[in-house]
């Protein structure tokens, strides 16, 4: 198994993400976390760009132990000297100097001829070697460069003393086959067996940075330059967590491994997201909220039986909690029952008059599906509320089928309610002081039961605008007070369900036959 070095450039290239400006304390916290994760190299910054960047690189070089600390420098004496001044306090340090290789860069950015670039490369790599023995050389935009010039410029760098040559796909132009082939040619025609490491630095403009980096590993690269969460210029850089876990999971294929403590990945991802203000998309591989979550019923059933059915790595490997089952409209009955058991409910049926019966679980599952269809994912507290607001003992003489309300400024509140009754579905519309009052009156008209409201309370089960609403009320029927609870995404519906529970409880309490409901 070849060792692949991880060169993290979150603090340099990552910070170049539009809108990101990390403070010195934030950079130090990230650098220490990278050291705990055991990355091989930390690119701490670009010392020549500002006094602040110089001071930050210097502090990281002074305080952070373990990884090689490097700073970026153009192929100019001023840049190289400034980098050396910032870094020379470190236990292990490297100067990373760069130029460009493509014609468009030479003509419009450097404004130099290929011959001038070759001469500068030779002189500046030699100059960098006067400060330290570890020098990395990069030539930007290699994928759009003439390969003959690429050979010349990297040969010049190696002959001048570069110990690592970096092959940047600066604009994210390459494809895995092309980039892998380029790395192979550089290994065979440039390195030629010399003791020089080949590094890869890919951008994600076409979404292929990770694939290109792994293709480079297949073809001889021994260092991957990457960032936490893949942040960086434009579409970002190679994602550290993705390449590291690809090598960890598919070491059998790549025959390569890193030395990283992968259990630090998730915590570091959250830290970088928090400090940079760049939110990690939910479906982001490895560190996204959905990366180890399962909602589809078939997937949930498989994971419940054996996690390896749908997981090629465990959440614990990257420092996350065990995979979760997301309870939503695609969830199956098995996952629903498992979620109830995880909340502490007894589904065994072994204890009489205790826990949930199979019949009540089935009824709850139907109600859960109704809610999930309207709301989406259902959280633990909402599941708990669903169970606690169930009517497990009172027969449903009347059952809510649908409710529609009309309400607003200068509009008479009206509710149209459809109930499943002993005589079949029946509908009635009533007006009231508000939509809830109108719903109550419509239910009264259909059931011929007229409770008197004594108390009414509404509460959001969880935070956020999409939280389920729970209505708890007390109402009097024939001098007996009954309690009712209702749960729904819509408050009027939740109120109607609570009111119906009072009605059904009153009917059951007095033993009224279904055909004689009007007696109450």
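None of the figures in this text is laboratory data; all of them are computed from the coordinates on show. Being a predicted model, the structure only gives us computed values, none of them experimental. So basically every Cβ, Gly included, is an ideal-geometry build from the backbone, and we count neighbours across all protein chains shown.
In table form, for the structure just shown:
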quantity	calculated
Least to most buried among 109, 271, 124 (fewest other Cβ within 10 Å first)	109, 271, 124
Relative pair counts by distance (%), Cα atoms of the range 1-140, 10 Å bins	12, 41, 33, 13, 1
Value at 222 nm in deg cm²/dmol, rounded to 500, when DSSP H runs of n ≥ 4 in the chain each add -39,500 (n - 2.57)	-11500 deg cm²/dmol
Zone of residue 263's modelled label, taken as backbone nitrogen in the range 207-246 under 18 Å from a point 7 Å along Cα→Cβ	245
Estimated Rh, the range 2-276: Kirkwood, alpha-carbon pairs, angstrom	18.3
Neighbour-count ranking [beta-carbon atoms within 10 angstrom, fewest first] of 119, 242	119, 242
Dimensionless Rg over Rh [the range 136-222; C-alpha; Kirkwood]	0.93
Relative contact order of the chain, defined on C-alpha pairs under 8 angstrom at six or more residues apart (%)	9
Fraction of antiparallel bridges per DSSP, the chain only, in percent to nearest 5	45
Part-to-part distance (alpha-carbon centres) for the range 409-462 and the range 137-199, which is given in Å	75
For 252, 122, 133, order by how many other beta-carbon atoms lie within 10 Å, fewest first	252, 133, 122
Relative contact order (percent, whole number), the range 399-519, Cα cutoff 8 Å, 6+ residue spacing	18
Label point distance in nm, residue 411-residue 181, each placed 7 Å from Cα along Cα→Cβ	6.5
Gap separating the Cα centres of the range 71-107 and the range 254-274, nearest whole Å	27
